[in-house]
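Data block below; observations after.
Every number in this text was worked out from the coordinates using simple rules, so none of it is lab data. Being a predicted model, the structure only gives us computed values, none of them experimental. Ideal geometry is used to build each Cβ from the backbone, glycine not excepted, and the neighbour counts take in all protein chains shown.
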Amino acid sequence: MNNGNSIAIACHDLHKHFGNGARVEALRGVNFEARLGELTFIVGPSGCGKTTLLSVITGLLDASAGEIELFGRNTSRLPTNQRILFRRENIGFVFQQFNLLPALTAAENAAVPLIAAGVKRTEAVDRAKSLLDRLGLEGRRDGLPATLSGGEQQRVAIARALVHEPRLVVCDEPTAALDHATGEAVMKLVAANAVHPDRAAVVVTHDARVFHYADVIAHMDDGRIVKTERNGHKESHL
Amino acid sequence: MNFVALKMLTGDRAKYLGLIFAIAFCTFLLENQTSIFAGILKRTGSQILDFTDAAIWVMDAKTEYFEQTKALKDTDLARVRGVDGVEWAVKLFKGTPVARTRAGKFAACILLGLDDATLTGAPRKMLLGSWQRLREPDSIVVDNAGYILLFPGEPLQLERELEMNDHKVRIVGISDASAPFLSNPVVHTRYSEAINFVGRERTQLSYVLVQPQPGVNAEEVCRRIEAQTSLRARTTDQFRWDCIRYYLKNTGIPVNFGITITIALIVGTVVAGQTFYLFTVENLKQFGALKAIGVTNWRLTGMVLLQAFTAGLMGFGLGTGMAAVFFEITLRNIPTRGLILMWQSVALTGGCILLVVIIASLLSIRRVVVLEPAAVFRG
């Protein structure tokens with residue numbers, strides 16, 4: 001059984017470079033840990049490698065060198081198909097631009113990870129609807145993304161990230177496309193729903209106004225984690 | 001994920017309808033042009049196919065198609081009758097006299113003079129009157145389209161008179177003859193009458209119609225006739241294809257239709273293929289999100305194929321429906337009668353559309369498969 005100190009993510013000397021000739025070193029030996037039951041923020045200036053690190057951790061990009069362990073399993077050595085299956089079962093995503101499918105209703109969008117995992121459509125949508133209700137979207141379940149506000153769309157995206165009960169939730173700049181009040185509300189939802197004793201949540205952001213939601217803040221600069229600190233100003237949002 | 005794929009396809013109505021109609025118009029154009037092309041070529045042998053009584057046509061050795069006749073000698077009929085395997089043989093006259101109405105309207109006709117004794121080859125599909133009345137003096141049977149051409153706007157009526165080569169003839173029947181290549185009236189009469197309706201020539205025998213004995217192969221009888229008489233003998237089907245080949249080789253029909261069909265195929269492929277490809281490209285962000293969530297490349301490939309084949313099927317169905325309506329309407333018009341939507345055209349077009357769908361799918365699948373899922377983080 002996991003406890004609050006169990007390590008969910010462990011990155012050892014992670015490198016990532018792009019291009020062959022004049023190659024760009026996006027990650028230059030990153031060592032990073034995130035624990036179960038904690039909300040970990042990766043912060044830093046634009047272009048410092050935050051999103052690349054998130055992509056490599058989640059297996060969307062291959063690392064050029066180094067090791068990644070998710071829940072004790074070395075995912076950097078998994079074959080591509082197994083890595084996709086691992087991602088489908090264990091990771092939920094919240095994207096900066098929401099990336100909802102415009103033709104699907106809010107409930108159908110939130111149900112996509114379940115449908116992808118083979119759950120029957122009606123059952124998946126029912127489960128998604130009840131989650132949307134919990135996230136305050138009772139009356140908007142059948143609305144198309146185009147009819148929802150930015151905050152509502154991000155809530156649907158959060159529901160999509162949580163509906164299959166993954167062990168890791170990753171959020172890429174979840175407040176960047178939102179105004180401050182909506183961003184606060186969204187972060188509150190992430191903190192209240194994504195953080196769980198058996199789950200880790202990692203948020204990449206450079207929005208300093210929401211840092212107070214973090215348990216741990218990893219500062220990144222120039223492709224490296226330069227400082228990791230426990231957040232003494234953490235507020236309880238549960 | 002099938003429902004996700006279909007919702008992605010139909011979600012943007014404008015794009016979806018654009019895609020469907022691109023395929024539908026390509027389908028319509030291909031089916032329309034290939035059917036008309038085949039229908040026009042089929043017309044070149046209409047009068048041959050209308051003769052259902054005899055299986056073999058005997059003609060001058062140099063005859064290449066139905067319209068091109070050189071008179072045989074009267075003795076040729078007897079020579080053909082003497083060939084082993086011939087059950088019976090009768091003479092047939094074919095000429096193109098001008099028929100004139102009292103009102104002064106005139107048209108060049110396809111005049112078919114039938115064997116006086118047997119009336120072999122008389123039109124079997126009669127709209128008014130009877131072909132048996134051809135035994136009456138100065139009688140003719142004219143086809144419906146010919147009647148309408150000569151008596152425009154007037155109801156079908158027997159006993160009306162025409163003048164042919166200073167001979168007064170009476171209409172004793174109106175047939176439903178197949179449309180000829182040109183829109184000439186098709187006139188049936190007896191052989192002995194027909195030779196008087198055109199200018200006198202030394203010989204008038206155009207064709208000898210032959211029926212092989214029961215159990216004897218028609219092609220074998222043709223070979224025997226050719227060997228013994230030095231005339232050309234063809235089965236009905238062979239003669240019909242001779243006509244089609246002649247027109248294909250000696251007219252601009254295949255070039256004209258070929259250009260239209262080729263352009264329809266190219267434009268259809270480019271428009272439908274590009275529309276679907278762009279549809280996929282515009283949805284790459286969505287496919288990227290699905291990839292990130294954990295949908296495999298195989299599943300995404302299945303989704304793209306489902307979208308492509310659904311759009312293809314819908315467009316093909318709509319296009320075929322439009323073509324069917326077109327031919328249903330034109331079938332009622334005299335000049336375009338007999339032109340139908342041929343199942344071969346539908347099958348051929350279906351194959352072409354399938355090719356379009358496969359090409360568009362492959363290009364789209366390639367884009368989806370090589371798509372980097374991390375791109376979804378780039379906003």
Cα-Cα longer than 29 Å, checked against A:129/B:285; B:42/B:62; A:16/B:15; B:42/B:70; B:42/B:125, kept in input order, equals A:16/B:15
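Ranked highest first by the average count of other Cβ atoms within 10 Å around their residues, in what order do A:107-113, B:367-373 fall?
Ranking, from highest mean packing down: A:107-113, B:367-373.
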Computed about the Cα centre, the charge dipole of the protein assembly as shown from +1 Lys/Arg and -1 Asp/Glu charges at the Cβ has a magnitude in debye, to the nearest 20, of 320
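Take every DSSP beta bridge with both residues inside the protein assembly as shown and express the antiparallel ones as a percent of the total, to the nearest 5. Working shown, then result.
Values: 54 of 82 bridges.
Of the beta bridges lying entirely in the protein assembly as shown, close to 65 percent run antiparallel.
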Phi-derived 3J(HN,Hα) across the range B:178-187 with the Karplus relation (6.51, -1.76, 1.60, θ = phi - 60°), rounded Hz, x for Gly and Pro, is 4, 5, x, 4, 9, 8, 6, x, 9, 10
Cross-link reach from residue A:227 to aspartates and glutamates, straight Cα distance under 16 Å and at least 8 residues apart if same chain, gives A:13, A:33, A:215
Cross-link reach from residue B:7 to aspartates and glutamates, straight Cα distance under 19 Å and at least 8 residues apart if same chain, gives A:108, A:123, A:126, A:142, B:282
With -39,500 (n - 2.57) per DSSP H segment of 4 or more residues and division by the full residue count of the protein assembly as shown, the 222 nm estimate, nearest 500 deg cm²/dmol, is -14000 deg cm²/dmol
Excluding residues fewer than 8 positions from residue B:168 in its own chain, the lysines with Cα under 22 Å of it are B:94, B:105
The long-range amide H neighbours of residue A:143, using H built 1.01 Å from N in the peptide plane and a cut-off of under 5 Å, are A:106, A:107
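With the Cα gyration tensor of chain A in hand, convert its eigenvalues to equivalent ellipsoid semi-axes via √(5λ) and list them largest first in whole Å. Present the calculation step by step, with values, prior to reporting the outcome.
Working: eigenvalues 157, 82, 61 Å².
So the three semi-axes of chain A are 28, 20, 17 Å.
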Across B:280-292, the residue-averaged tally of Cβ atoms belonging to other chains within 10 Å stands at 4
Phi-derived 3J(HN,Hα) across the range A:142-156 with the Karplus relation (6.51, -1.76, 1.60, θ = phi - 60°), rounded Hz, x for Gly and Pro, is 9, x, 7, x, 5, 8, 9, 6, x, x, 5, 4, 5, 5, 4
Here the residues of the range B:105-128 lying in the modelled label zone of residue B:74, meaning backbone nitrogen under 16 Å from a point 7 Å along Cα-to-Cβ, are B:115-117
